[in-house]
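Throughout, read-outs are computed from the coordinates displayed, never taken from laboratory work. Values in this document were obtained by computation on a predicted structure and should not be read as measured data. Because the Cβ atoms are built from the backbone with ideal geometry, glycine has one as well, and the counts that use them run over all protein chains shown.
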Amino acid sequence: MEKITAPRGTKDVLPEESRAWQILEEKLRGLAHRFGFREIRFPTFEDVALFDRGVGDTTDVVQKEMYDFYDKGDRHIALRPEGTASVVRSFIENSLHAKGLPLKVYYIAPNFRYEKPQAGRLREHHQFGVECFGAADASADAEVISLGATLLRELGITDTELHLNSCGCKECRKGYHAALKEYFEGKKDELCDTCNDRLSRNPMRILDCKSEICKRISADAPKIPDFLCDSCREHFEKLKSCLDEIGIKYTLDPMLVRGLDYYTNTVFEFVSGKLGAQSTVLGGGRYDGLVESLGGPATPGLGFGCGIERLMLTLEAEGKLENSRLVPDVFVAHADAEAEMFAHKLTYELRSLGVWAERDTTGRSLKAQMKYAGKIGAKYSVVIGGNEIAEAKINVKNMDNGEVFECKLSAEAIKDLIGG
């Protein structure tokens, strides 16, 4: 019979790997709470129209990468390719604007994109994201960026650089789009088919094309900072001043536009020198028109997303990946069939008291049980036999140094002795 394997672009997180994920997620949650962000959870799939309208139908995400299908009710559904649109939909649907602004939320959730699997880029990947609604001032941009900078610093990721740009508002983009069209019109024969389609619909998307030829052509294209209106320029200058004030260094990158259509004004990325082509560790920006475009009240918004798999790769590359092994507090061995039931009861009682206790359930000999206790790294072990039951006393062995301590044969006494 043919073996069934995981779909291409997905990955199992095995028991020996999951502790590293738990440690990282605990740190992400703690940091988000420190900055005043509360958790939000949302469905894995949404109406496909949410991403067509929210993410943008000229983006690679919608055009090429989205997993969409018709369900049994003939509804057009998509697996979530990114988190922001889902948060905005929830913000509108649940009238979260009425509960006081700014509203700051975070999430840790899987996303799905049909793209070529690479290191740190899977078809099912997990994302830590933060979103802030109701704060239009550039100081809010600096606060969100500072959260990202703090995250990387506290994880010990030092080899990163903050790239910063403004992609303007709808008004100042009109002149920029006209300049881009004029520039790219003379190079249509060299552009890929996708970018030729984008030329008439959204020429800024050409700047984000992955084709090496389109990248080369884009290098000499007009730059968005030259077309910013006074308001957008003022916003960007204040952001830079806020970052300067708290000592966050940045590199101005006039070609940075990010890959989604909803961005306005501030866009940013933290890039690593140790990840090769997929160098972005964390990225985001402002999306002031997104809530309104999806049917909600005009509400400014901004945030960032950070791939968990990409973070893990970066931590591993910098030698900072934490994966402390979780081991049982005590292993309860039994010498014979009579003692087995006592061991079964004692193990249950220890667990009820909050102690991680394990015992054999496979019929091993006593010698094999002790070997297994060492293999799983149990901190302590006890052996129950007829004498222990008769005398109501037990020897507790420290598996690390071999010391043995006697105590009463009870879950409470064992817990007190080992400090579980």
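Please give me, ordered by residue number, the trypsin sites (Lys or Arg not before Pro) of the stretch 260-336 that lie in loop per DSSP and have at most 15 other Cβ atoms within 10 Å. The partial results should precede the final answer.
Numbers: sites: K274, R286, R310, K320, R325; in loops: K274, K320, R325.
Qualifying residues, ordered by number: K274, K320, R325.
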Protection proxy (average C-beta count within 10 Å per residue), highest first, orders 98-110, 158-170 as 158-170, 98-110
Nitroxide proxy distance, nm - points 7 Å out along Cα→Cβ at N94 and D193 | 4.2 nm
Points 7 angstrom from Cα along the Cβ direction at E412 and E26: gap in nanometres?
-> 3.0 nm
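The stretch 336-395: which trypsin sites (Lys or Arg not before Pro) are DSSP loop and have at most 16 other beta-carbon atoms within 10 angstrom? Show your work: numbers first, answer last.
On the way: sites: K345, R351, R359, R364, K367, K371, K375, K379, K393; in loops: R364, K379.
Taking the stretch 336-395 and a limit of 16 other Cβ atoms within 10 Å, the loop trypsin sites (Lys or Arg not before Pro) found are R364.
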Once Lys and Arg are counted +1 and Asp and Glu -1 for all other residues with Cβ under 10 Å from that of F268, the total becomes -1
Order of T44, T347, T5, T84 - criterion: other Cβ atoms within 10 Å of each residue's Cβ, fewest first = T5, T44, T347, T84
Which lysines, on any chain, are close to K397 with Cα under 24 Å apart, when same-chain ones fewer than 8 places away are left out?
-> K345, K367, K371, K375, K379, K408, K415
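What's the exposure ranking of S218, S139, S324, S90, going from fewest to most Cβ atoms within 10 Å?
Numbers: S218 21, S139 13, S324 9, S90 17.
Ordered by Cβ neighbours within 10 Å, fewest first: S324, S139, S90, S218.
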Selection from A20, L31, P7, by position along the positive dipole direction of the stretch 6-46 (Cβ) | L31
Using a Förster distance of 56 Å, how high is the FRET efficiency between T362 and T150, based on the Cβ-Cβ distance and rounded to 0.05?
-> 0.75
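Please label the shape of the stretch 330-418 as rounded, prolate or oblate, based on the square roots a ≥ b ≥ c of the eigenvalues of the alpha-carbon gyration tensor (a/c under 1.5 means rounded; beyond that, a/b larger than b/c means prolate, else oblate). Kindly include the intermediate steps, with their values, before the conclusion.
On the way: a/c = 1.25, a/b = 1.04, b/c = 1.20.
Rounded, because the longest to shortest axis ratio a/c is under 1.5.
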With a ≥ b ≥ c the root eigenvalues of the C-alpha gyration tensor of the stretch 102-192, is it rounded (a/c under 1.5), prolate (a/b larger than b/c) or oblate?
-> oblate
Based on the alpha-carbon gyration tensor of the stretch 200-306 and its eigenvalue square roots a ≥ b ≥ c, which shape applies: rounded if a/c is under 1.5, prolate if not and a/b is larger than b/c, or oblate?
-> rounded
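Sequence gap at least 6, Cα distance under 8 Å: using those rules, report the relative contact order of the chain to the nearest whole percent. It would help to have the intermediate numbers written out before the result.
Values: 720 pairs, mean separation 64.5, N = 420.
Relative contact order of the chain: 15 percent.
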Could you list the residues of the stretch 389-405 with an amide nitrogen less than 15 Å from a label point located 7 Å from the Cα of V327 in the Cα-to-C-beta direction?
-> 397-403
What number comes out for the charge environment of L350, summing +1 per Lys or Arg and -1 per Asp or Glu over other residues with Cβ under 9 Å away?
-> 0
Using the beta-carbon distance between S352 and R34 and R0 = 25 Å, what value does 1/(1 + (r/R0)^6) give for FRET efficiency, to the nearest 0.05?
-> 0.15
Candidate cut points under chymotrypsin sites (Phe, Trp or Tyr not before Pro) in the stretch 169-213, DSSP loop plus at most 12 other Cβ atoms within 10 Å of their own Cβ, are none
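Please sort through the DSSP H helices of the chain and keep those with an alpha-carbon extent of at least 24 Å along the long axis and a Kyte-Doolittle average not below 0.0. Walk me through the numbers on the way to the answer.
Numbers: long enough: 15-34 (29 Å, -1.11); 138-155 (26 Å, 0.74).
Those that clear 24 Å and a mean of 0.0 are 138-155.
With the cut-off at 29 Å, tell me which of the pairs K64/K240; K27/K99; K104/K238; K181/K249; K116/K188 have Cα atoms farther apart than that. Please report the intermediate quantities before stating the final value.
Values: K64/K240 35 Å; K27/K99 27 Å; K104/K238 21 Å; K181/K249 33 Å; K116/K188 26 Å.
Distance filter (> 29 Å) returns K64/K240; K181/K249.
What is the dipole size for the stretch 330-418, taken about its Cα centre, with +1 at each Lys and Arg Cβ and -1 at each Asp and Glu Cβ, in debye to the nearest 20?
Details: 12 positive and 13 negative charges, 64 e Å.
That gives the stretch 330-418 a dipole magnitude of about 300 debye.
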Each label sits 7 Å from Cα toward the beta-carbon; between F69 and D230 the label points are separated, in nm, by 5.5 nm
Please order I376, I145, I248 by the number of other Cβ within 10 Å, starting at the fewest.
-> I376, I248, I145
Using the Cα centre as the reference, give the magnitude of the dipole from point charges on the C-beta atoms of the stretch 177-256 (Lys, Arg: +1; Asp, Glu: -1; all else neutral), rounded to the nearest 20 debye.
-> 160 debye
Computed lengthening from I77 to K238, 0.36 nm per intervening residue step minus Cα-Cα distance = 53.9 nm
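Please give the length that would be gained between D57 and K3 if that part of the chain were fully extended, namely 0.36 nm times their separation in residues minus their C-alpha to C-alpha distance (nm, one decimal). Before the final figure, lay out each step's value.
Details: separation 54, 0.36 × 54 = 19.44 nm, distance 3.83 nm.
Full extension of this stretch gives 15.6 nm more.
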Just name one of S95, V291, P328: the one whose Cα is farthest towards the positive end of the charge dipole of the chain (beta-carbon charges, Lys/Arg +1, Asp/Glu -1).
-> P328
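Please give the charge dipole size of the chain, origin at the Cα centre, charges +1 on K and R Cβ atoms and -1 on D and E Cβ atoms. Round to the nearest 20 debye. The partial results should precede the final answer.
On the way: 57 positive and 66 negative charges, 51 e Å.
Result for the chain is approximately 240 debye, rounded to the nearest 20.
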